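Notes for the one structure printed next.
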Amino acid sequence: MFKPFFARLKQGHQTRTFPPEPKLSERYRGLPIIEDEHNETAVELCPVEALALDPNGKLTLDIGRCIFCGNCEKSGAIRFSREYRQATFSRKELIFGAELEETGERLRTEIYKIFRRSLKLRVVSAGGCGACEADINVLTTLNWDISRFGIKFVASPKHADGIVVAGPVTANMKDALLKTYEAVGEPKVVIAVGACAISGGIYAGIQSDCNGIADLLPVDLFIPGCPPHPATILDGFLQLMRASNN
Ligand code: SF4
């Protein structure tokens, strides 16, 4: 009878501290940094065209496309930091090295004030490989315990404050995604998780895919990665709730 009790006692406190610093694996590739901005070799090494040269011959890096494969590191142009905080409210802020204009895509703070303490989200798996979903799901485990921040994943869009989309949106999932979005009451948020949802990722340009959700829905939060680390996803959600507090 006391066995489960003693087992629980032995396990101790399992939930990691977050923030400030999550435990990251030694192999973790965080936010990439451009070290050599005139390096053409890096562009050739990138399998998903995340790297490009602008008209002035300077390197730009779109982390909304990047699959963090590490190929470009060989050229010496890119170095991967340990920074896990990568989410942005604007698609243009995911493109490093490019001139940043005023985008007008800032979070609609006034509207989202109601989400400051509690955020209920419906996850839509829109045809990817399942890796982003795995890193979203892990947030509900004892280890991350996302509910301590007031964030919950719900089964019905009618109970949700917004949707979290992973995957490039296959043609077969397009209607389901749009119907799920419609079923969420106003005001609502749309969060794109992973390179596929942001830009199509490795599926970009395939005829049966929609190249992510940017052309289908108004995206409030972009969380890059392939897949993003759970810490990156959680940090993005918390950014959104913090912005709602301002
Ligand atoms: S890490 Fe990103 S930018 Fe570098 S080669 Fe891979 S996909 Fe391209």
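The values are calculated or read from the model by the stated rules, or taken from the named source; none is laboratory data. In this text, all values refer to a predicted model and were calculated from it rather than measured experimentally. All Cβ positions, even for glycine, are placed from backbone atoms using ideal geometry, and neighbour counts span all protein chains on display.
Just wondering, is there one or more residues in the range 230-241 that are among the small types (Gly, Ala, Ser), assigned to a helix (DSSP H, G or I) and buried (at least 21 other Cβ atoms within 10 Å of the Cβ)? Yes; the residues of the range 230-241 include at least one that is among the small types (Gly, Ala, Ser), assigned to a helix (DSSP H, G or I) and buried (at least 21 other Cβ atoms within 10 Å of the Cβ).
Given the criteria within 11 Å of the ligand (Cβ to nearest atom) and surrounded by fewer than 17 Cβ atoms within 10 Å (Cβ to Cβ), does PRO47 qualify? Yes: the conditions hold for PRO47. Between residues in the range 141-158 that are over 23 Å from ARG242 (Cβ atoms) and residues that are in a helix (DSSP H, G or I), which pairs lie under 7 Å by C-beta distance while being six or more apart or on different chains? Here the result reads PRO157/THR180; PRO157/ALA183; LYS158/ALA183, each pair linking the range 141-158 to a residue that is in a helix (DSSP H, G or I).
So that you can scan it fast, the table gives a plain yes or no per residue for (1) at positive phi; (2) polar (S, T, N, Q); (3) at pLDDT 95 or above; (4) within 17 Å of the chain's Cα centre (by Cα):
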site: ALA52; (1), (2), (3), (4): no, no, no, no
site: THR60; (1), (2), (3), (4): no, yes, no, no
site: ASN71; (1), (2), (3), (4): no, yes, no, no
site: ILE78; (1), (2), (3), (4): no, no, no, no
site: TYR84; (1), (2), (3), (4): no, no, no, yes
site: GLU101; (1), (2), (3), (4): no, no, no, no
site: ARG117; (1), (2), (3), (4): no, no, no, no
site: ILE136; (1), (2), (3), (4): no, no, yes, yes
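The number of residues in the range 50-67 that are out of contact with any Ser or Thr (no Cβ under 8 Å at 6 or more places or on another chain) and more than 9 Å from the ligand (Cβ to nearest atom) comes to 6. So for the range 12-21 (the condition being free of Cβ contacts under 8 Å to residues at least 60 places away in the same chain, more than 22 Å from LEU240 (Cβ to Cβ) and of a type in the set (D, E, K, R)), does at least one residue qualify? The answer is no; no qualifying residue exists. Within the range 150-189, the residues that satisfy the criterion of being closer than 12 Å to ARG122 by Cα and aliphatic (A, V, I, L, M) are ILE151, VAL154, ALA155, ALA160, ILE163, VAL164, VAL165, ALA166, LEU177, ALA183, VAL184, VAL189. Checking ALA134, ALA160 one by one, the residue that is surrounded by 15 or more Cβ atoms within 10 Å (Cβ to Cβ) and assigned by TED's automatic domain parsing to the domain that holds LEU221 is ALA160 and no other.
Just to check your reading of the model, which residue among LYS152, LYS188 is touching a Leu at 6+ places or on another chain (Cβ under 8 Å), of a type in the set (Lys, Arg) and over 21 Å from ILE95 (Cβ atoms)? Residue meeting the stated conditions: LYS152. Determine, yes or no, whether GLY70 is among the small types (Gly, Ala, Ser) and near the ligand (Cβ under 6 Å from one of its atoms). In short, yes.
The single condition among (1) touching a residue at least 12 places away in the same chain (Cβ under 8 Å); (2) surrounded by fewer than 21 Cβ atoms within 10 Å (Cβ to Cβ); (3) under 21 Å from ILE151 (Cβ atoms) that ALA192 does not meet is (2).
Looking across the range 228-246, the residues that are modelled with pLDDT of 90 or more and either of a type in the set (Gly, Ala, Ser) or closer than 14 Å to GLY64 by Cβ (or both) come down to PRO228, ALA231, THR232, GLY236. Looking across the range 16-44 at every residue that is away from the ligand (no atom under 15 Å from the Cβ) and in contact with a Gly (Cβ under 9 Å, 6 or more places away or on another chain), the one that is nearest to THR141 (Cα to Cα) is identified as LEU24.
Of all the residues that make up the range 1-22, how many are of a type in the set (Gly, Ala, Ser) and outside any loop (DSSP other than H, G, I, E, B)? Total satisfying the criteria: 1.
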